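To start, the structure under review is shown below, and the notes come after it.
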Amino acid sequence: MDAAEWQISPETANCIAATVANVVGALESVLRVAASGSDKKLFLKVVLVLYLLSAIGRSLSGATVAYVTLWVIFTVPLCILKLAPKSASETFIRNFREKIGLLNQEHR
(Lines give C-alpha, C1' and ligand atoms only; values in the text may rest on other atoms or scores of the structure.)
Protein backbone atom coordinates (compact mmCIF):
# COMPACT_ATOMS: atom_id res chain seq x y z
CA MET A 1 0.00 0.00 0.00
CA ASP A 2 1.11 3.48 -0.75
CA ALA A 3 1.69 5.78 2.23
CA ALA A 4 -0.31 8.52 0.49
CA GLU A 5 -3.46 6.42 0.88
CA TRP A 6 -3.18 6.74 4.66
CA GLN A 7 -3.09 10.53 4.73
CA ILE A 8 -6.04 12.41 6.20
CA SER A 9 -7.17 15.93 5.52
CA PRO A 10 -6.27 18.77 7.92
CA GLU A 11 -9.97 19.20 8.75
CA THR A 12 -10.26 15.56 9.77
CA ALA A 13 -7.07 15.80 11.82
CA ASN A 14 -8.41 18.90 13.59
CA CYS A 15 -11.73 17.17 14.24
CA ILE A 16 -9.98 14.13 15.71
CA ALA A 17 -7.72 16.32 17.88
CA ALA A 18 -10.70 18.37 19.13
CA THR A 19 -12.64 15.21 19.95
CA VAL A 20 -9.73 13.72 21.86
CA ALA A 21 -9.22 17.00 23.75
CA ASN A 22 -12.92 17.12 24.69
CA VAL A 23 -12.95 13.50 25.86
CA VAL A 24 -9.79 13.98 27.94
CA GLY A 25 -11.20 17.18 29.46
CA ALA A 26 -14.50 15.50 30.32
CA LEU A 27 -12.68 12.51 31.78
CA GLU A 28 -10.50 14.79 33.87
CA SER A 29 -13.48 16.67 35.26
CA VAL A 30 -15.35 13.45 36.11
CA LEU A 31 -12.31 11.97 37.81
CA ARG A 32 -11.68 15.22 39.68
CA VAL A 33 -15.23 15.16 41.08
CA ALA A 34 -14.92 11.45 41.88
CA ALA A 35 -11.59 11.96 43.65
CA SER A 36 -12.93 14.82 45.72
CA GLY A 37 -15.47 12.45 47.27
CA SER A 38 -18.34 14.92 47.01
CA ASP A 39 -20.36 12.57 44.79
CA LYS A 40 -20.41 9.16 46.49
CA LYS A 41 -22.36 7.45 43.70
CA LEU A 42 -19.86 8.57 41.05
CA PHE A 43 -16.97 7.56 43.29
CA LEU A 44 -18.39 4.05 43.67
CA LYS A 45 -18.91 3.78 39.90
CA VAL A 46 -15.28 4.71 39.26
CA VAL A 47 -14.06 2.22 41.86
CA LEU A 48 -16.24 -0.51 40.33
CA VAL A 49 -15.01 0.18 36.78
CA LEU A 50 -11.38 0.24 37.90
CA TYR A 51 -11.87 -3.03 39.77
CA LEU A 52 -13.47 -4.65 36.70
CA LEU A 53 -10.61 -3.42 34.49
CA SER A 54 -8.15 -4.87 36.97
CA ALA A 55 -9.94 -8.24 36.92
CA ILE A 56 -10.01 -8.24 33.11
CA GLY A 57 -6.30 -7.40 33.01
CA ARG A 58 -5.45 -10.28 35.34
CA SER A 59 -7.51 -12.84 33.47
CA LEU A 60 -6.77 -11.95 29.82
CA SER A 61 -3.60 -11.38 27.89
CA GLY A 62 -2.63 -7.89 26.76
CA ALA A 63 -3.10 -8.82 23.11
CA THR A 64 -6.67 -9.96 23.74
CA VAL A 65 -7.53 -6.78 25.62
CA ALA A 66 -5.98 -4.67 22.84
CA TYR A 67 -7.94 -6.57 20.17
CA VAL A 68 -11.26 -6.22 21.99
CA THR A 69 -10.59 -2.53 22.69
CA LEU A 70 -9.86 -1.80 19.03
CA TRP A 71 -12.92 -3.75 17.95
CA VAL A 72 -15.15 -1.78 20.33
CA ILE A 73 -13.59 1.57 19.39
CA PHE A 74 -14.24 1.03 15.69
CA THR A 75 -17.57 -0.81 15.89
CA VAL A 76 -19.58 0.95 18.59
CA PRO A 77 -19.51 4.47 17.04
CA LEU A 78 -20.72 3.12 13.70
CA CYS A 79 -23.52 1.19 15.40
CA ILE A 80 -24.53 4.30 17.31
CA LEU A 81 -24.64 6.31 14.09
CA LYS A 82 -26.83 3.73 12.37
CA LEU A 83 -29.19 3.35 15.32
CA ALA A 84 -29.26 6.97 16.51
CA PRO A 85 -32.68 8.62 16.45
CA LYS A 86 -33.16 12.02 14.90
CA SER A 87 -32.44 14.52 17.63
CA ALA A 88 -30.49 17.66 18.41
CA SER A 89 -27.31 15.80 17.50
CA GLU A 90 -28.50 15.21 13.93
CA THR A 91 -26.06 17.77 12.54
CA PHE A 92 -23.13 16.11 14.32
CA ILE A 93 -24.18 12.69 13.04
CA ARG A 94 -24.59 13.97 9.47
CA ASN A 95 -21.13 15.60 9.56
CA PHE A 96 -19.57 12.45 10.99
CA ARG A 97 -21.22 10.29 8.32
CA GLU A 98 -19.93 12.65 5.61
CA LYS A 99 -16.40 12.43 6.98
CA ILE A 100 -16.60 8.65 7.13
CA GLY A 101 -17.90 8.62 3.57
CA LEU A 102 -15.05 10.86 2.43
CA LEU A 103 -12.51 8.60 4.11
CA ASN A 104 -14.07 5.50 2.55
CA GLN A 105 -14.05 7.13 -0.91
CA GLU A 106 -10.39 8.12 -0.55
CA HIS A 107 -9.40 4.50 0.25
CA ARG A 108 -11.19 3.02 -2.78
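The values are calculated or read from the model by the stated rules, or taken from the named source; none is laboratory data. These numbers come from a predicted model, not from an experiment. Quick note on the areas: whole protein, heavy atoms, side chains included, nothing else; ligands and nucleic acids left out. Shrake-Rupley method; radii C 1.70, N 1.55, O 1.52, S 1.80 Å.
A few remarks follow.
- Each of K82, K40, K99 has its accessible area taken with a 1.4 Å probe; listed largest first, they run K82, K40, K99.
- When the Cα gyration tensor is reduced to axis lengths a ≥ b ≥ c, the ratio a/c is 1.5 or higher for the stretch 27-86, and with a/b not above b/c it is classed as oblate.
- Per-residue accessible area (protein heavy atoms, 1.4 Å probe) orders F43, F74 as F74, F43, starting from the largest.
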